[in-house]
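Inspection log for the structure reproduced underneath, given as structure tokens.
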Amino acid sequence: MAYPNTEETFSLLKDLVSIPSPSGNTNEVITYVEKFLAELEIQTRRNRKGGLIATLEGKDSSRHRMLTAHVDTLGAMVKEIKPSGRLKIDLIGGFKYNSIEGEYCQIETSSGKKYTGTILMHQTSVHVYKDAGKKERNQENMEIRIDEKVHTAEEVRALGIEVGDFVSFDPRVEITPSGYIKSRHLDDKASVAILLQLIKQIKAENILLPYTTHFLISNNEEIGYGGNSNITPETVEYLAVDMGAMGDGQSTDEYTVSICVKDASGPYHYELRKHLVRLAEEHNIEYKLDIYPFYGSDASAAIRSGHDIIHGLIGPGIDSSHAFERTHQTSIENTAKLLYLYIQSDLIQ
Ligand SMILES: [Zn+2]
């Protein structure tokens, strides 16, 4: 069996980004992952906060390893219904209003009804607003135009829309012949797709892993506490698989696997990092070491919450993260290859 199978990973990723899952409303995407694993005859369990855990028993069950990737994404919530029938929103996760200007969106009511709309500056029309381009992109000036004939708050409420309804953004997923995937929410659904493909491969090859290995599909990472629980006392190493951050001065790119040495939470475990680099070098996997300045992961959240673990962070490089994201198939492949070796390697302690 060819591994990694990019075509399969891409099609899985396309499915994942197409299921709306802002932090706080992830049941549908978790159900999708649950079904995917059930088809592989892998048992899963949900934690109370809605994440999913799959465990593969290993040769040694006295020491465990844990890997995590998150399916929750950025999104928004209806904050106010304006007298005009437009919606004011509150953001879920860390991003700026300019990255959603003009974006198509979906509003999901608490009874499950779905409406579409567009996120716009109030002062968009250049034929009406002289300073259309100059106004600040913020909560005050940006609003949702619902695709329904509504002109008052009452008419909007009659649709069933209320404060607290979840808003998700159109992923606009596209795969190019040159091997790129462009979509919102590649953070971190690209890594979820990689982990699911990895589990499928382990199963297909009938590999007995050296240690019992848990895969946590976390559902609250964007708000800081996705992967800081359900860590067994036997867990020695905990590896977060999450996007590598690109920009000025960053070494991460869209073609290699990014190994994070430090982020806003501090350095990741030195020996684990060196172990990952060794594996990459021995098997000609292209990697980059990098520091992410404004970043925290589920692994650092686990450390912060008091777990005595060896923590690490690797992932595919994602351009324009938390906005108009893109990566290349080679970055996904290099990440998948490193993970395949890592889960079969010895613990460093
Ligand atoms: Zn992420």
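The values are calculated or read from the model by the stated rules, or taken from the named source; none is laboratory data. In this text the structure is predicted, and so the values were computed from the model without any measurement. Glycine gets a Cβ as well: all are built from the backbone with ideal geometry, and neighbour counts include every protein chain shown. Surface areas here come from the heavy atoms of the whole protein model, side chains and all, with no ligands, DNA or RNA. Shrake-Rupley method; radii C 1.70, N 1.55, O 1.52, S 1.80 Å.
Taking amide H atoms as placed 1.01 Å from N in the peptide plane, the amide H of Leu67 lies under 5 Å from those of His214, Phe215, Leu216, Leu239, each 5 or more residues away in sequence or on another chain. Overall, the accessible surface of the range 1-117 at a probe of 1.4 angstrom is composed of carbon and sulfur to the extent of 46 percent.
Sequence-distant contacts, meaning Cα pairs under 8 Å at least 6 residues apart, place the relative contact order of the range 147-218 at 15 percent.
Report the FRET efficiency, 1/(1 + (r/R0)^6), for Asn141 and Ser251, where r is their Cβ-Cβ distance and R0 is 41 Å, rounded to 0.05. The value I calculate is 0.65.
Here the Karplus curve 6.51 cos²θ - 1.76 cosθ + 1.60, taken at θ = phi - 60°, turns the phi angles of the range 135-145 into couplings of 4, 5, 7, 8, 4, 5, 8, 9, 8, 9, 9 Hz, with x standing for Gly and Pro.
3J(HN,Hα) couplings calculated from phi for the range 78-91 with the Karplus curve 6.51 cos²θ - 1.76 cosθ + 1.60 (θ = phi - 60°) are, in sequence order, 5, 9, 8, 9, 6, x, 6, x, 8, 10, 8, 10, 10, 7 Hz; Gly and Pro show x.
Between Leu347 and Ser11, the FRET efficiency from the beta-carbon distance, with R0 = 25 Å, is close to 0.15.
When the chain is fully extended, how far beyond the present Cα-Cα distance does Tyr225 get from Val277, taking 0.36 nm per residue of separation? Stretched out fully, the Tyr225 to Val277 stretch lengthens by 16.0 nm. Shown here for the range 24-57: GluC sites (Glu not before Pro) in loop regions (DSSP other than H, G, I, E, B) with at most 15 other Cβ atoms within 10 Å, namely Glu41, Glu57. Applying both filters, DSSP loop and at most 13 other Cβ atoms within 10 Å, to the trypsin sites (Lys or Arg not before Pro) of the range 118-155 gives Lys130, Lys134, Lys149. Checked against a 32 Å cut-off, the cross-linked pairs Lys135/Lys182; Lys114/Lys262; Lys96/Lys262 give Cα-Cα distances beyond that limit for Lys114/Lys262. Each residue of the range 47-62 is assigned a 3J(HN,Hα), and the resulting list reads 8, 5, 7, x, x, 10, 10, 10, 10, 10, 5, x, 4, 9, 9, 8 Hz, derived from the Karplus form 6.51 cos²θ - 1.76 cosθ + 1.60 (θ = phi - 60°), x at Gly and Pro. Between amide H atoms placed 1.01 Å from N, distances below 5 Å from Ile92 occur with Gly75, Ala76, Met77, all of them 5 or more places distant or on a separate chain. Ellipticity at 222 nm from helices only: DSSP H runs of n ≥ 4 in the chain, each -39500 (n - 2.57), divided by the residue count, give -7500 deg cm²/dmol.
Seen from a random direction on average, the alpha-carbon convex hull of the chain projects onto 18.5 square nanometres. In degrees from 0 to 90, rounded to the nearest 10, what is the angle of the helix 270-282 Cα long axis to the longest principal axis of the chain? Between helix and principal axis, roughly 80 degrees. Put simply, the C-alpha atoms of the range 151-251 give a gyration tensor, and the ellipsoid matching it has half-axes of 35, 22, 16 Å, longest first.
Considering every pair of different Cα atoms, what Kirkwood radius, in Å, is found for the range 20-119? Hydrodynamic radius (Kirkwood, Cα pairs) of the range 20-119 is 16.4 Å.
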